[in-house]
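*Asks:* Got a structure here, written out as structure tokens. Questions coming.
The values are calculated or read from the model by the stated rules, or taken from the named source; none is laboratory data. Keep in mind it's a predicted model, so treat the numbers as computed, not measured. A quick note on method: Cβ atoms are made from the backbone with ideal geometry, for glycine too, and the neighbour counts reach across all protein chains shown. SASA here: full protein model, heavy atoms, side chains in, ligands and nucleic acids out. Shrake-Rupley method; radii C 1.70, N 1.55, O 1.52, S 1.80 Å.
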Amino acid sequence: MSYSMIAALLWMVVANVRAMFPSKDNHWQFAYAMIAIGLPILVWVFVDHGLMLAAILLVGAMWVMRWPVIYLARWIKRVVRL
């Protein structure tokens, strides 16, 4: 297994384990940090393994970090209506 895949899977494990614990800010600070860490890892996986595996990992990351994705979709929908 390549280092990029190990980093991506480790990112998934850390995000899932951290989501199990309560937080006063509903994990938003952690979500921002994980997004900032996850994007370079996703690019690294894309460079090493190609588009298909990077797309699968992107869908998995969106599944783990669903609320930032939901709020982004709502914001885009609101901006497009204007």
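*Asks:* Expressed as cubic angstrom per residue, what is the convex hull volume of the alpha carbon set of region 2-82?
*Replies:* Convex hull of Cα atoms, per residue: 98 Å³.
*Asks:* Estimate the FRET efficiency between residue 18 and residue 79 by the formula 1/(1 + (r/R0)^6), using the beta-carbon distance for r and 30 Å for R0, to the nearest 0.05.
*Replies:* Result of the calculation: an efficiency of 0.50.
*Asks:* On to the next question. In degrees between 0 and 90, to the nearest 10, how far off the longest principal axis of the chain does helix 66-81 point, with axes built from Cα atoms?
*Replies:* 50 degrees
*Asks:* Next up: Using 1/(1 + (r/R0)^6) with R0 = 25 angstrom and r between the beta carbons of residue 72 and residue 52, what's the FRET efficiency to the nearest 0.05?
*Replies:* In this case the efficiency is close to 0.60.
*Asks:* Based solely on its DSSP helices, what 222 nm [θ] is calculated for the chain when runs of n ≥ 4 H residues each add -39,500 (n - 2.57) and the sum is averaged over all residues, nearest 500 deg cm²/dmol?
*Replies:* Computed mean residue ellipticity for the chain: -28500 deg cm²/dmol.
*Asks:* Within the chain, which trypsin sites (Lys or Arg not before Pro) sit in a loop by DSSP and count at most 13 neighbouring Cβ atoms inside 10 Å?
*Replies:* Answer in residue order: 24.
*Asks:* Of all the accessible heavy-atom surface of region 1-62, with the other protein chains kept in place and a 1.4 Å probe, what percent is carbon and sulfur?
*Replies:* 77 percent
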